[in-house]
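Every number here is computed from the coordinates shown, using simple stated rules; none is lab data. Given the structure is predicted, the values throughout are model-derived calculations rather than measurements. Cβ: placed from backbone, ideal geometry, glycine included. Neighbour counts: every protein chain shown.
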Ligand code: HEM
């Protein structure tokens, strides 16, 4: 498959050229400067947006606060102060880097209620996970009344499908869906409670006039897409590792016994991070240079695309111990979060501002499942001692749940 071929190709490249950045031509004829050496990775993360601008993958088009070349959408169209204003607002509302979000109480209550849909059938697959997570996401971002809004859910699904298609496709139909979703989100935003992300955004204030709450709320709803896939992969991995599963279930039970859920769940968060290391939702980080840059003495013109193959580095057996094995304990080391070899949320200025919120929500969903149920039969079958498969298509995952 594609990911495997590219890992093999990157290994071959390194064998031939050593660790120096390699200029490669893709099948579509684009040239890319591929980074293979840790000092170059460090530089990639350290350079400001004025040197390396984001060129987000299709999956997160419009999500980034620093896209270089907007196509008139409005959504991703940000430069300079506007980016700074949006970035600051995102960090504040999402509480970037803060393990337990200030609105954790209501957020975890919504997760607990919606998680009931996950275990209702005794088996769990992607459509059920998406349904439950999307309901929770609408409550967290917009407020409880939005949970029942299947019409909005349908529009967001259409926008997601549209985002995945190459640019320049049929835009007019998408435009009307976009406008309908925006108007509906606007209605919720006007009445959003203080604990919702939209309510927090409204209170954040916007002196520079850079921020559009409706657009941000829509982007947060789409950003939550990372959660159902990650939830299923984490539970699948725990199904193949019964000892880890028992430890995680004990942690989930202890949290409830300790009183109202606090949302810390360090062991489960380590499992979620490890599943993201093995199966990142953003496997390639791409930037475009704003001016001429020099890498190891070679000059490259402005407009060069720079690729940091994060999925490859996270599983590079030459640099990461037990690269193809599920070892959540590696995340216990306090420096692991900043380890540049491991970058499920990226690093530096472009790092995901929803990192801790995403971890808290995903770990909480896992905890809700594991409290009452054991993950037993699973598809695909993973070999707990063999190297894990390179990719895990969430559409192919089916989990069997038995009562504890
Ligand atoms: C497990 C869940 C998540 C993962 C793995 C993830 C991963 C990422 C990654 C890797 C990036 C950077 C992409 C790049 O540098 O090219 C990113 C950006 C971003 N993420 Fe997340 N994310 C998650 C959840 C969330 C959530 C829950 C939110 C908000 C509710 C969110 C909001 C954003 C935003 C706004 C950006 C753009 C930041 C900027 O350009 O300044 N993410 N995410």
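Peptide packing for 111-124, 268-281 was compared via the average number of neighbouring C-beta atoms within 10 Å per residue; ordered from the highest value, the list is 268-281, 111-124. Dividing the helix sum by the residues of the chain, where each DSSP H run of 4 or more adds -39500 (n - 2.57), gives a mean residue ellipticity at 222 nm of -15000 deg cm²/dmol.
Taking Cα centroids, how far is the range 14-32 from the range 285-350 in Å? With the range 14-32 and the range 285-350 each reduced to a Cα centre, they are spaced 16 Å. Per the Cα gyration tensor, the range 332-378 maps to an equivalent ellipsoid with semi-axes of 28, 13, 10 Å, ordered largest to smallest.
Set the Förster radius R0 to 41 Å, insert the Cβ-Cβ distance between residue 203 and residue 31 as r into 1/(1 + (r/R0)^6), and round the FRET efficiency to 0.05. Once rounded, the FRET efficiency stands at 0.35. Just so you know, the averaged projected area of the alpha carbon convex hull for the range 251-327 sits at 8.0 nm². Distance between the pseudo-spin-label points of residue 400 and residue 338 (7 Å out from Cα toward the beta carbon): 4.6 nm. If you bin all the Cα-Cα distances of the range 2-403 at 10 Å, starting from zero, the percentages per bin are 4, 22, 32, 27, 13, 2, 0. Cβ crowding within 10 Å ranks 244, 214 as 214, 244, fewest other Cβ atoms first.
In the chain, the DSSP beta bridges split such that about 90 percent are antiparallel, to the nearest 5. Going from the fewest other Cβ atoms within 10 Å to the most, the residues 224, 360 appear in the order 224, 360. Between residue 117 and residue 190, the distance separating the two model label sites (each 7 Å from Cα on the Cα→Cβ line) works out to 2.7 nm. Taken over the range 297-404, the convex hull of the Cα atoms encloses 174 Å³ per residue.
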